[in-house]
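Q: Structure incoming, see below.
The values are calculated or read from the model by the stated rules, or taken from the named source; none is laboratory data. A quick note: this is a predicted structure, and the numbers were derived from the prediction, not measured. Using ideal geometry, Cβ is built from the backbone for each residue, glycine included, and neighbour counts are taken over all protein chains shown.
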Amino acid sequence: MTITIDKMLNPVVGALVAAINAGDRSAFEAVLAPGATMSDDGTDRDLGDWVEREIFSSNGHMAVQSQSNGGLALVALFRNDTWGEMRTAWRFVVADGAVSRFETGQA
């Protein structure tokens, strides 16, 4: 069962997922804190390069399957044109209404 955006426990994370699914780079960037960071499978990546490659130029989409820790931890089916669909885990750090860091990897 997919959790819809209106059922997301953390509205900031919900806005980020909605931006990903809409392919809306401006809305995505608006949810990020200045200097936000991320990691993929335990390795820190350049946020701009990763987001371009894994989300926006490859039609990334998240179908959230579960959430915990007040909506700061998600398990989602993530798909893009490069890798197809995979079960992924996401963890977010939210402060002052913005995502300052996220970590993702295969679940």
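Q: For Arg45, which of the numbered conditions (1) closer than 16 Å to Gln106 by Cβ; (2) more than 11 Å from the chain's Cα centre (by Cα); (3) touching a residue at least 12 places away in the same chain (Cβ under 8 Å); (4) surrounded by 12 or more Cβ atoms within 10 Å (Cβ to Cβ) fails to hold?
A: Answer for Arg45: the failing condition is (3).
Q: With the structure loaded, tell me whether Gly35 is within 18 Å of Leu72 (Cα to Cα) and out of contact with any strand residue (DSSP E or B) (no Cβ under 6 Å at 6 or more places or on another chain) or whether it fails that test.
A: Against the criterion (within 18 Å of Leu72 (Cα to Cα) and out of contact with any strand residue (DSSP E or B) (no Cβ under 6 Å at 6 or more places or on another chain)), Gly35 does not qualify.
Q: Filter the range 28-42 down to the residues that are closer than 22 Å to Asp81 by Cα, surrounded by fewer than 16 Cβ atoms within 10 Å (Cβ to Cβ) and either out of contact with any helix residue (DSSP H, G or I) (no Cβ under 7 Å at 6 or more places or on another chain) or among the β-branched types (Val, Ile, Thr) (or both) and list them by number.
A: Glu29, Asp41
Q: Which strands (runs of 3 or more DSSP E) sit wholly inside the range 18-107 and have at least 2 residues that are modelled with pLDDT of 95 or more and more than 28 Å from Met1 (Cβ to Cβ)?
A: In the range 18-107, 32-40, 43-45, 98-106 are the strands (runs of 3 or more DSSP E) which contain 2 or more residues that are modelled with pLDDT of 95 or more and more than 28 Å from Met1 (Cβ to Cβ).
Q: Separate question: Can you tell me how many residues within the range 74-104 are more than 17 Å from Met8 (Cα to Cα), without any contact (Cβ under 8 Å) to a residue 24 or more places away in the chain, among the basic types (Lys, Arg) and surrounded by 13 or more Cβ atoms within 10 Å (Cβ to Cβ)?
A: Adding up the residues that qualify gives 1.
Q: For the structure I just gave you, tell me whether Gly71 is in contact with a Phe, Trp or Tyr (Cβ under 9 Å, 6 or more places away or on another chain), in contact (Cβ under 8 Å) with a residue 24 or more places away in the chain, on the phi > 0 side of the Ramachandran plot and surrounded by 15 or more Cβ atoms within 10 Å (Cβ to Cβ).
A: Yes: the conditions hold for Gly71.
Q: Let me ask another. Do we have Gly60 as in contact with a Phe, Trp or Tyr (Cβ under 9 Å, 6 or more places away or on another chain), crowded, with 17+ Cβ neighbours inside 10 Å, at positive phi and touching a residue at least 40 places away in the same chain (Cβ under 8 Å) here?
A: Spelling it out, it is not the case that Gly60 is in contact with a Phe, Trp or Tyr (Cβ under 9 Å, 6 or more places away or on another chain), crowded, with 17+ Cβ neighbours inside 10 Å, at positive phi and touching a residue at least 40 places away in the same chain (Cβ under 8 Å).
Q: Is it the case that Ala22 is out of contact with any strand residue (DSSP E or B) (no Cβ under 9 Å at 6 or more places or on another chain) and either of a type outside the set (Ser, Thr, Tyr) or under 12 Å from Thr104 (Cβ atoms) (or both)?
A: Against the criterion (out of contact with any strand residue (DSSP E or B) (no Cβ under 9 Å at 6 or more places or on another chain) and either of a type outside the set (Ser, Thr, Tyr) or under 12 Å from Thr104 (Cβ atoms) (or both)), Ala22 qualifies.
Q: Oh, and also: Looking at Thr2 and the list (1) surrounded by 16 or more Cβ atoms within 10 Å (Cβ to Cβ); (2) in contact (Cβ under 8 Å) with a residue 40 or more places away in the chain; (3) β-branched (Val, Ile, Thr), which single condition is not satisfied?
A: That leaves (1) as the condition not met.
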